[in-house]
């Protein structure tokens, strides 16, 4: 998906965004439901005020950032390249990657007590553990 195609989807659904250099920053105040998408362009930053639902997204390009005010649902995601960052306020759901019943990353049995689960997730992403291309 190109950035132009992504901006068209955001416009059609009434989700506000701004351009910052080569990035599209989603600034919508509430939840963002983009369940029909299977891909995103690079350079997308989610700074919306609520949850993000990307349930049928199968891959992410490097550089996508989640800085939203809620949860992130990525049920069908199969890989996460280095450069993707989760700084969202809620939990992250990665059903296809972890294969656990509900896919909540904080409930993953490999988490380390005393280490924030998203900090661990971001470290794992940065060293390429989920880059299965």
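Of the candidates 87, 83, the single residue that is closer than 16 Å to residue 40 by Cβ, at pLDDT 90 or above and surrounded by fewer than 18 Cβ atoms within 10 Å (Cβ to Cβ) is 83.
Here 45, 32 are screened, and the one residue that is at negative phi, touching a residue at least 24 places away in the same chain (Cβ under 8 Å) and within 11 Å of the chain's Cα centre (by Cα) is 45. Could you tell me whether any residue of segment 66-78 is assigned to a loop (DSSP other than H, G, I, E, B), more than 22 Å from residue 5 (Cα to Cα), touching a helix residue (DSSP H, G or I) at 6+ places or on another chain (Cβ under 8 Å) and in contact (Cβ under 8 Å) with a residue 40 or more places away in the chain? Yes; the residues of segment 66-78 include at least one that is assigned to a loop (DSSP other than H, G, I, E, B), more than 22 Å from residue 5 (Cα to Cα), touching a helix residue (DSSP H, G or I) at 6+ places or on another chain (Cβ under 8 Å) and in contact (Cβ under 8 Å) with a residue 40 or more places away in the chain.
When 46, 66, 6 are checked against the criterion of being in contact with a strand residue (DSSP E or B) (Cβ under 8 Å, 6 or more places away or on another chain), surrounded by 14 or more Cβ atoms within 10 Å (Cβ to Cβ), modelled with pLDDT of 95 or more and over 18 Å from residue 91 (Cβ atoms), a single residue qualifies: 6. In segment 105-130, the residues that are closer than 20 Å to residue 83 by Cβ reach residues that are loosely packed, with under 12 Cβ neighbours inside 10 Å and at pLDDT below 90 with C-beta atoms within less than 7 angstrom, at least six apart or across chains, in these pairs: 120/112. In this structure, is residue 103 crowded, with 18+ Cβ neighbours inside 10 Å, in contact with a strand residue (DSSP E or B) (Cβ under 8 Å, 6 or more places away or on another chain) and at pLDDT below 90? Against the criterion (crowded, with 18+ Cβ neighbours inside 10 Å, in contact with a strand residue (DSSP E or B) (Cβ under 8 Å, 6 or more places away or on another chain) and at pLDDT below 90), residue 103 qualifies.
The values are calculated or read from the model by the stated rules, or taken from the named source; none is laboratory data. Because the structure is a prediction, the values reported are computed rather than measured. Glycine also receives a Cβ, built like all others from the backbone with ideal geometry; neighbour counts cover every protein chain displayed.
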